[in-house]
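Presented below is the structure to which this report refers.
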Amino acid sequence: MDDSTLTQQQKLKYYQKGTFTVGNRLVADEERSVQASAERSNALTSGHRACQGCGEALGARYAIDAAMRATGNDLIAVNATGCLEVFTTPYPETSWQLPWLHSLFGNAAAVATGVAAAMRVKGKKTRVVAQGGDGGTTDIGFQCLSGMFERNDDVLYICYDNEGYMNTGVQRSSATPPAARTATTPALGPEPGNVFGTGKFVPKIAVAHGIPYVATATVADLRDLEAKVIKAMGITGARYIQINVPCPLGWGAPSYDTIKLARLAVECGLYPIFEAEHGRITQSRKIRRQVPVRDYLILQKRYAHLFRNGVDDPRVQRLQAICDAHIEEYGLLGDDAEA
Amino acid sequence: MLKQMEGSHAVAEAIALCRPEVICAYPITPQTHIVEGVGELVKSGALENCEFINVESEFAALSVAIGASAAGARAYTATASQGLLFMAEAVYNAAGLGLPIVMTLGNRAIGAPINIWNDHSDAMSMRDAGWMQLFAENNQEAVDLHIIAFRLAEELSMPVMVCVDGFILTHAFERVDIPEQAQVDAFLPPYDPVQVLDPDNPASIGAMVGPEAFTEVRFLAHYKQRQALRLIPALSDDFAKIFGRASGGLLRAYRTEDAETIVVAMGSVVGTIKDVVDELRDEGQKIGVVTLVSYRPFPVEALRDILKTAKHVVVVEKSISVGLGGPLADNTDGVLRNLENRPRLHSAIAGLGGRPITRASLKRLFHDAAHAPWEGPFFLDLNERVVGREIHRVRKVRRSGSTAENILRQLALASHLPQE
């Protein structure tokens, strides 16, 4: 791994031994997170209608605040239809503190291309972020997304991945993990929940486009997320960041477990956190303390059918195999790992 | 400057003269030469200060235009047929957002059966989307309507679709007067958007609107199009002053004074109809024709003024609302509805999927309207023998197969059979 690609923010180890506490008090002013600053733009300001513990609301504020910091607030956001759009703009109210445009469910990437083209032709330096959920990104918006990637348009696309169509009432998307129960993959029949061997991991497809920058991130690691957004805004061309954002409603978990679940998804290997530049993976975030996938699954009602009558369903082991494969593929065990 | 040129290239030159800033291109027959034409002008540097973006679908083409327009750029795209349907969601969206995008529609049939030739089914599919729809009669008008369209769109903050008959106009070589840049600049000021995405003055655009306000939003869209009924003739007058020729307007009447039979039609077929009108006038029949330039907004009052003294109104249109009949005839019926001495309405469906509309057939049609009127839509030059055989066959065979393939087979068989 080439250490030079790591930003200062990513190199720093903020947590104290044995805890996950991230203490801003312990670091110099310039090393503190964007969210820790009173100067943060609060792009997605309070009063919106997201559920308690919404990972997407959290991720969007972290990401857009960081992008606004990186661009000196010279930023326009384009939003796909979905939870984020609905809970932020029940007109005449809006939570957005930056120019924001919602067109359709499946065209956010193309609309962002248009905004970027307008800025270029008008000689403006204004940058563009497009954002949507996994439904608007990996499914209905996928063609426009791929088109934006291959043209290398100057757009950062952020996908808030909560692994399903939560806005319409928790249906399966192509980002829904195997075995997960949704309204369209009910926990019924001989193969309950989402079918194994289906779905797609769009970050890898983004990497295959050879675009300048691709990253995955998690709301469980604020500094890493901010560092990636800031890095992305320093690059011209098509960029993609997919953030794992737990959904208490859709996953069947308490609101207070959002960060815990996001962390466990990373620590079990199910959600690999990595970066890629120009078609090559440059680094991955190491698992600090590896956990069995069971610890992650058992906290969520969408996997409850795997743990009925005190017996683990064999599918837990199939999910563990997926985690193990991720750990090997992305090199998730390394320096940071604790025995 | 007078030039002998292909319709598509004339439109491309007209677009370039309008100084578009973002053009999104996706090829579809018969519109392709238009985006190729503007693409060449951008690539060669003849059209400066313009982003030409090759997108992956029509849905993206209009979506890119939506983003560009909302960010304050003058945006243009072109499509036809299936392409218009593929971007349908964005067509409604652009109108709902009030974005003054101009789009050329190279009118073409919609499949299945797949058919690349001209009719107006595509335009009709989006007639309720909130776009203004202007129809060109010839390539000179196609050029002029695009210049008018940008001004119209931007004055009302509402998108305009310029409908140009596929192949008949897009691929026809005609003499066209291409305006001077100074003339177009005098007619069309730079785009000064009503609302724009601006970091110094952030606004949220495209919010959710519930039952408390949706009716009012739609009412105002309708109100805007009613305003266009006054603006379109005014722009046409302005155009005439600067360019020295009449073009556009809501509609044009040809030999309708004292006419007992008045034909209503849109697009290139009007040229043929005028020839037939001349012929019938020479034979003593009191007949005229109204060309509808503006289909949306629909010029109800202006059309009624012309039709109210006629005995017979014949609507000739290149589309069919399956299960109802001709949509233009239906709209015209609405125009006549409350007249005291209402003329009899005759509806003819003609030229579907590119079938030629001949003078001989039109002449028979207009004669029959006055002397042997019919009920419901009349399908001009329908091959009744083939249709009859197919209806008979389908009655007998339960799994009768695909209509399109069977009609083609019937045609092949019919060519070997003696005429009945």
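Rule-based calculations on the coordinates, nothing more; no lab input. Given the structure is predicted, the values throughout are model-derived calculations rather than measurements. Methodologically, a virtual Cβ is constructed for each residue, glycine included, from the backbone with ideal geometry; neighbour enumeration extends over all protein chains shown.
Report, in whole Å, the centroid distance computed from the Cα atoms of region B:296-327 and region A:83-149.
41
Just need the relative contact order of chain A here, percent rounded to a whole number, with Cα pairs under 8 Å and 6+ apart. Please report the intermediate quantities before stating the final value.
Working: 686 pairs, mean separation 52.9, N = 339.
That works out to 16 percent.
In chain A, once you exclude exposed GluC sites (Glu not before Pro) (DSSP loop, at most 13 other Cβ within 10 angstrom), what's the longest stretch remaining?
Numbers: sites that count: A:GLU39, A:GLU93, A:GLU338.
Result, exposed sites excluded: A:94-337.
Let me have the 222 nm mean residue ellipticity of chain B computed from DSSP H runs of 4+ only, each contributing -39500 (n - 2.57), with the sum over all residues rounded to the nearest 500. Present the calculation step by step, with values, prior to reporting the outcome.
Working: 15 runs with 181 residues, N = 420.
Computed ellipticity for chain B at 222 nm equals -13500 deg cm²/dmol.
Considering only C-alpha atoms, what is the centroid distance from region A:163-200 to region A:258-302, in Å?
First find each Cα centre; the distance between them is then 19 Å.
Could you tell me which helices of chain A pass both thresholds, a Cα extent of 15 Å or more along their own axis and a mean Kyte-Doolittle hydropathy of at least 1.0, with helices taken as whole DSSP H runs? Please report the intermediate quantities before stating the final value.
Values: long enough: A:55-71 (24 Å, 0.13); A:108-121 (20 Å, 1.54); A:222-233 (17 Å, 0.21); A:314-330 (25 Å, -0.56).
Passing helices, by number: A:108-121.
To make sure I understand the rule: partners must be lysines, Cα under 27 Å from the Cα of A:LYS122, and not fewer than 8 residues away in the same chain. Which ones qualify?
A:LYS231, B:LYS43
Would you work out if region B:87-224 is rounded, prolate or oblate? Take a ≥ b ≥ c from the square roots of the eigenvalues of the alpha-carbon gyration tensor; rounded if a/c is under 1.5, else prolate when a/b is larger than b/c, oblate otherwise.
Numbers: a/c = 2.59, a/b = 1.31, b/c = 1.97.
It is oblate, given that a/c is not under 1.5 and a/b is not larger than b/c.
Mind checking which lysines have their C-alpha under 18 Å from A:LYS260, skipping anything on the same chain fewer than 8 residues away?
By straight Cα distance, A:LYS260 reaches A:LYS17, A:LYS286, A:LYS301.
Check region B:251-379 and count each lysine pair with an alpha-carbon distance under 20 angstrom, considering only pairs eight or more places apart or from different chains.
Lysine pairs, 8 or more places apart or on different chains, close enough: 9.
Rounded to the nearest 20 debye, what is the charge dipole size of the protein assembly as shown about its Cα centre when +1 sits on each Lys and Arg Cβ and -1 on each Asp and Glu Cβ?
Values: 75 positive and 86 negative charges, 336 e Å.
Here the size comes out at about 1620 debye.
In region B:338-420, what trypsin sites (Lys or Arg not before Pro) fall in a loop by DSSP, with at most 14 other Cβ atoms inside 10 Å?
Numbers: sites: B:ARG344, B:ARG359, B:LYS363, B:ARG364, B:ARG385, B:ARG389, B:ARG393, B:ARG395, B:LYS396, B:ARG398, B:ARG399, B:ARG409; in loops: B:ARG398, B:ARG399.
Hits after loop and neighbour filter: B:ARG398, B:ARG399.
For chain B, modelled as a GNM with alpha-carbon contacts under 10 angstrom, which of B:ILE116, B:ILE391, B:ILE262 fluctuates the most?
Among B:ILE116, B:ILE391, B:ILE262, the largest GNM mean-square fluctuation belongs to B:ILE391.
What is the distance in Å between the Cα centres of region B:107-149 and region B:181-202?
The two parts, judged by their Cα centres, are 26 Å apart.
Take the alpha carbon gyration tensor of region B:251-379, find the square roots of its eigenvalues, order them as a ≥ b ≥ c, and report rounded if a/c is under 1.5; if not, report prolate when a/b exceeds b/c, else oblate. Please report the intermediate quantities before stating the final value.
On the way: a/c = 1.28, a/b = 1.02, b/c = 1.26.
Judged from the Cα gyration tensor, region B:251-379 comes out rounded (a/c under 1.5).
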